[in-house]
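Enquirer: Here it is, the structure, as structure tokens.
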Amino acid sequence: MKPSRTKSAIRFVIAILFAASGCFAQNIPSTIRGKWAVRRELPTRTISCWGEADAKKIIGTQIEYSDGIFRWEGITIHNPSAQERIVTADKFRDENSSPSSSGSQVDFRQLGIVAKQATEISIRHEAAKVSGATTEIPGDNVLVKDANTIIFSVCNLYFEAKRTHEIK
């Protein structure tokens, strides 16, 4: 094999290995591209690091996702990468509930998701300064409830956002 073909073959094998391991970063998936308005807090049985005043500040804010940006309020992440996975109702409950009966317990039913599985999209970013209690950005980790509804949590409080504008 000529050197250029060898390099191409090595790059191809590396790309396949990354794709198979799920480590391949991707742009924001088209399913959530657009502008979203945070409509309401969802009632859940969780223990939060935020109080009611912090939660109310999220209601009415806008989230924007496009191929080149992820934006909430004054925080903009340029060229974001995202990871997308399918999560079952049981897996979500197990990952987002504490083992003791006195801890946080959240499941699809509380979030209004009737399907047995949902798409979860996580956007990678540097730690953000949203409040002293969290470095999360509202909308950086979402469950797709349907084509026009997403659910996300901040500080273990869950919110619902509705699509107001679609971006291709």
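Throughout, read-outs are computed from the coordinates displayed, never taken from laboratory work. The model shown is predicted, which means the values in this text are computed figures rather than measured ones. Here Cβ is always computed from backbone atoms with ideal geometry, including for glycine, and neighbour counts include all displayed protein chains.
Enquirer: With +1 on each Lys and Arg Cβ and -1 on each Asp and Glu Cβ, how big is the dipole of segment 26-166 about its Cα centre, in debye rounded to the nearest 20? Numbers along the way, then the final one.
Expert: Numbers: 18 positive and 18 negative charges, 59 e Å.
In total the dipole reaches around 280 debye.
Enquirer: Quick one: net charge of Pro80's neighbours, Cβ under 15 Å, K/R +1, D/E -1?
Expert: -3
Enquirer: Net charge within 14 Å of Ile167 by Cβ-Cβ distance, Lys/Arg positive one each and Asp/Glu negative one each, not counting Ile167 itself? Walk me through the numbers on the way to the answer.
Expert: On the way: positive: Arg33, Lys35, Arg71, Arg163, Lys168; negative: Glu64, Asp67, Glu166.
Around Ile167, the charge tally is +2.
Enquirer: Right, here's the next one. Over 21 Å between Cα atoms, which of Lys91/Lys145; Lys145/Lys168; Lys57/Lys91; Lys91/Lys116; Lys116/Lys168 qualify? Please list the in-between numbers first.
Expert: Values: Lys91/Lys145 16 Å; Lys145/Lys168 19 Å; Lys57/Lys91 30 Å; Lys91/Lys116 10 Å; Lys116/Lys168 28 Å.
From the list (Lys91/Lys145; Lys145/Lys168; Lys57/Lys91; Lys91/Lys116; Lys116/Lys168), the Cα-Cα distance tops 21 Å for Lys57/Lys91; Lys116/Lys168.
Enquirer: Just the Cα atoms of segment 26-166: what Rg and Dmax do they give in Å?
Expert: For segment 26-166, the Cα-based Rg and Dmax read 14.3, 42 Å.
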